[in-house]
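Here is the structure we will look at.
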Amino acid sequence: MSKGLPKRSENYSEWYNELVKRADLAENSAVRGCMVIKPYGFSIWEKMQRALDDMFKETGHTNAYFPLFVPKSLFEAEEKNAEGFAKECAVVTHYRLKSDPNNPGKLMVDPEAKLEEELVVRPTSEAIIWNTYKNWIQSHRDLPILINQWANVVRWEMRTRMFLRTAEFLWQEGHTAHATEKEAMDETKQMLDVYATFVEEWMSVPVIKGFKTANERFAGAEETLCIEAMMQDGKALQAGTSHFLGQNFAKAFDVKFQNKEGKLEHVWGTSWGVSTRLMGALIMAHSDDLGLVLPPKLAPIHVVIVPIYKGDEDLEAIKAVIMPIVKELKSLGITVKFDDNDAYRPGWKFAEYELKGVPLRMAVGMRDLQNGVIELARRDTLTKETRPIEGIATYIKDLLDEIQTAIYQKALNFRQENMFKVDTWAAFEEQIEKGGFLLCHWDGTSETEEKIKELTKATIRCIPLDAVEEEGVCVYSGKPSSKRVVFARAY
RNA sequence: CGGGGUGUAGCGUAGCCCGGUAUCGCGUCUGCUUUGGGAGCAGAAGGUCGUCAGUUCGAAUCUGGCCACCCCGACCA
């Protein structure tokens, strides 16, 4: 293994790819466009799942599981949704293999075993779920239905990047059904808030909440809400979406309920999801040229303790002092690794745990023991300090909280420094090359949005929920506009 | 899917133009010395050269198909 990572400043995507591999998060697999998530990477995802799942439960949702396969006839029922995903669907056409008579030892698809109806591998589950909901809903008493599922989905992408875009990815998808439009819209907004809270408080990544434009809207939705985050190269990454589906799926799948007046009405729906793409956001928002920087709340290991010793006697002396601290840290809910592996020297371990983003490193040698101190090094700031052993566990607990906040603040500062109000087309063209979010007036038309995309590769990431009303003119067309939207190049 | 590139030991590579079964570094194993920022010395193991076919006395090397990955486009969470 060579020593350093590529530099972010020299080649951002190479830095990202190398970091994912070297930090043991994931690797490419033998399957085109699909990755293997390795144990270290998966343990971060598990922490995300745990936190999100708890938040879903707190807001009244329960988990269920629906099939991977969707019969084509169901898939195509909601036309806009089907059209939107048609180009990237994997399709199962046969159900059996057999020995190839012309090629001993090899298998072939058995032409006799063609399915009567093809099965689409879900790119998303609205179709199969709404088809099921039809059977579950008769009366307003059956509503609301608040269900989430953790699942894999497949979207046959042309070009893939680990975590950011893979052919198969893991996600959660919430699917809810409601009696009124308002209730469904409230749900859509509530879940967007849940996502924003999670990404900001757990991942330490600031987000902008907003509406998608018609062009960027989920196929089949009436309205798509999203959270957008800024990566260190100034590009935007959509971190989560929450859709108000109106009655579109209810109509497509004939899902009606009898209201209190005894009249039949179509059900109102929402769906919302975040995926393993969040891993990409986490990596690109905080990490540096030495490796990952993980926020404590998602770090598989909070503190690594590296003993520095000569011979077994030293090690035993260090252990005698350290083991009670390890125990105390664990009792405070802190994950500790005491690395006394003799095969590696301290310097190697320092570099290794920096690569893996462990938030705190404690180094202890004989000299420290004599002085009753240890050395604490912070991954986020790369600073070191010498602390008394006395009371170290509670100090660490507080410091981890501080790191969680500091990482967020650093990302927020970066975003503030790279967000610009832009009012002329010349300034737009200049700034978009430098990166960052451009806050601009827009005339509200798809034509202008597409023209800008064609000219600059920038898209409207969102119309912020908190956009202030102000008089202005569209940065491209000069037509009147009442608020600013966020333009950026995006992942 | 279009353009460009790559594939040789666990990882990174030389060799390929001009055919004769393979270079170097890191890692691994053994031993000793080491241990406060990626240790040193000595010895050793490890390769159907992505894959399938073709040309040839002989293919990592030449030809063709296929697979995978990377970069740039189009598409997208």
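The values are calculated or read from the model by the stated rules, or taken from the named source; none is laboratory data. Every value quoted in this text rests on a predicted model; they were computed, and no experiment measured them. Here the Cβ is made from the backbone with ideal geometry for all residues, glycine too, and neighbour counts use every protein chain on show. Side chains are part of the model used for accessible areas, which takes the heavy atoms of the whole protein and leaves out ligands, DNA and RNA. Shrake-Rupley method; radii C 1.70, N 1.55, O 1.52, S 1.80 Å.
Between residue A:340 and residue A:152, the modelled label-to-label distance comes to 4.0 nm, taking each label 7 Å out from Cα in the direction of the beta carbon.
How high is the FRET efficiency between residue A:193 and residue A:416 when r is their beta carbon distance and R₀ equals 22 Å, given to the nearest 0.05?
0.50
Taking only the Cα atoms of chain A, how large is their convex hull per residue, in Å³?
With only Cα atoms used, chain A gives 196 Å³ per residue.
Magnitude of the charge dipole for chain A, about its Cα centre and with charges confined to Cβ atoms of Lys, Arg (+1) and Asp, Glu (-1), is about 700 debye.
Modelled spin-label separation between residue A:350 and residue A:86, with each label point placed 7 Å from Cα along the Cα-to-Cβ direction: 6.0 nm. Protein heavy-atom accessible surface, 1.4 Å probe, per residue over the range A:329-406: 51 Å².
Sorting A:476-482, A:394-400 by average packing, meaning the other beta carbons within 10 Å per residue, from highest down gives A:394-400, A:476-482. Shown here for the range A:360-450: GluC sites (Glu not before Pro) in loop regions (DSSP other than H, G, I, E, B) with at most 16 other Cβ atoms within 10 Å, namely A:390. Residues in the range A:419-488 average 51 Å² of solvent-accessible surface per residue, probe 1.4 Å, ligands and nucleic acids excluded. A cut-off under 9 angstrom between Cβ atoms defines the neighbours of residue A:33, and their net charge, with Lys, Arg +1 and Asp, Glu -1, is +1. Applying 1/(1 + (r/R0)^6) with R0 = 60 Å to the Cβ-Cβ distance of residue A:108 and residue A:468 gives a FRET efficiency near 0.40.
At a Förster radius of 25 Å, what calculated FRET efficiency corresponds to the Cβ-Cβ distance of residue A:135 and residue A:58, to the nearest 0.05?
That pair, residue A:135 with residue A:58, gives E of 0.35.
On the range A:303-399, 49 percent of the accessible area sits on carbon and sulfur atoms, based on a 1.4 Å probe.
Highest mean packing first, where packing is the average number of other Cβ atoms within 10 Å per residue, the peptides A:24-32, A:359-367, A:338-346 line up as A:359-367, A:24-32, A:338-346.
Volume per residue for the range A:303-399 equals 91 cubic angstrom (convex hull of Cα atoms). Of the peptides A:289-299, A:254-264, A:72-82, the order by per-residue mean of other Cβ atoms within 10 Å, starting with the highest, comes out as A:289-299, A:72-82, A:254-264. Applying a DSSP loop filter and a limit of 10 other Cβ atoms within 10 Å to the chymotrypsin sites (Phe, Trp or Tyr not before Pro) in the range A:89-177 leaves nothing.
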